[in-house]
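These notes are about the structure you will find just below.
None of the figures in this text is laboratory data; all of them are computed from the coordinates on show. If you're wondering where the values come from, they're calculated on a predicted model, not measured in any experiment. Methodologically, a virtual Cβ is constructed for each residue, glycine included, from the backbone with ideal geometry; neighbour enumeration extends over all protein chains shown.
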Amino acid sequence: MSNIYTHIQFRQSRTISSDTAFMLGQCDAIIKAVFPAGEAISLTLSNSEAALLGLLSEKPMYPYQVEQEVEYRDMRSWTGLSMSSIYKLLRSLEKRGLVERTNRISPENRLRKHYSLT
């Protein structure tokens, strides 16, 4: 997959920590894995979208788990992610084909929408 051209342009340029740089590096690897070899792509991601993809690269999660990770890692300041924006962005990424949703029933007999990378 070395001949894939990826161009990621972030809407909000800010200084980022080494942890964030690692997560964004994971996003680049994810995008290379999603698109077939030789296909040129141009993809614009916001900091929030890149952060969501990075978190989902670690494991499939439902939106509340994403919210807990954002809070635990203190990512809210540079991503602008809130509980309502997480749901909105996950639906947007699903429509773009970057994530997929799987419905599961929790032990409490509740429907959980788990999101994972495609």
I need the phi-derived Karplus couplings for segment 98-115: 6.51 cos²θ - 1.76 cosθ + 1.60, θ = phi - 60°, integer Hz, Gly and Pro marked x. 8, 9, 10, 10, 10, 8, 9, 9, 7, x, 7, 6, 10, 6, 10, 9, 8, 10
Counting Lys and Arg as +1 and Asp and Glu as -1, what is the net charge of the other residues whose Cβ lies under 12 Å from the Cβ of Leu81? -2
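Report the relative contact order of segment 48-99, percent, no decimals, based on alpha-carbon pairs under 8 angstrom and at least 6 residues apart.
Numbers: 25 pairs, mean separation 21.8, N = 52.
Relative contact order here is 42 percent.
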The long-range amide H neighbours of Arg112, using H built 1.01 Å from N in the peptide plane and a cut-off of under 5 Å, are Arg104, Ile105, Ser106
So what are the three principal axis dimensions of segment 65-115 from its Cα atoms, in whole Å, longest to shortest? 34, 28, 15
Evaluate E = 1/(1 + (r/R0)^6) for Glu71 and Ile105, where r is the Cβ-Cβ distance and R0 equals 25 Å; express this FRET efficiency to the nearest 0.05. 0.45
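What is segment 50-90 by shape, rounded, prolate or oblate, if you read a ≥ b ≥ c off the alpha carbon gyration tensor as root eigenvalues and call it rounded for a/c under 1.5, prolate for a/b larger than b/c, and oblate otherwise? Please report the intermediate quantities before stating the final value.
Working: a/c = 1.38, a/b = 1.16, b/c = 1.19.
Rounded.
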Give the long-range amide H neighbours of Leu43: residues separated by 5 or more places, or on another chain, with amide H under 5 Å away, using H modelled in the peptide plane at 1.01 Å from N. His7, Gln9
Report ³J(HN,Hα) in whole Hz for each residue of segment 85-92, in order, from the Karplus equation J = 6.51 cos²θ - 1.76 cosθ + 1.60 where θ = phi - 60°; Gly and Pro get x. 6, 4, 4, 4, 5, 5, 5, 5
Once normalised by the length of segment 74-118, the mean sequence separation of its alpha carbon contacts under 8 Å that are 6 or more apart gives a contact order in percent of 27
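Under a Cβ-Cβ cut-off of 14 Å, what is the net charge of the residues other than Glu67 that fall near it, where Lys and Arg count +1 and Asp and Glu count -1?
Values: positive: Arg73, Arg76, Lys88, Arg112, Lys113; negative: Glu69, Glu71, Asp74.
That works out to +2.
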Residues whose modelled amide H sits under 5 Å from the amide H of Val99, counting only those 5 or more places away in sequence or on another chain, are Glu94, Thr118
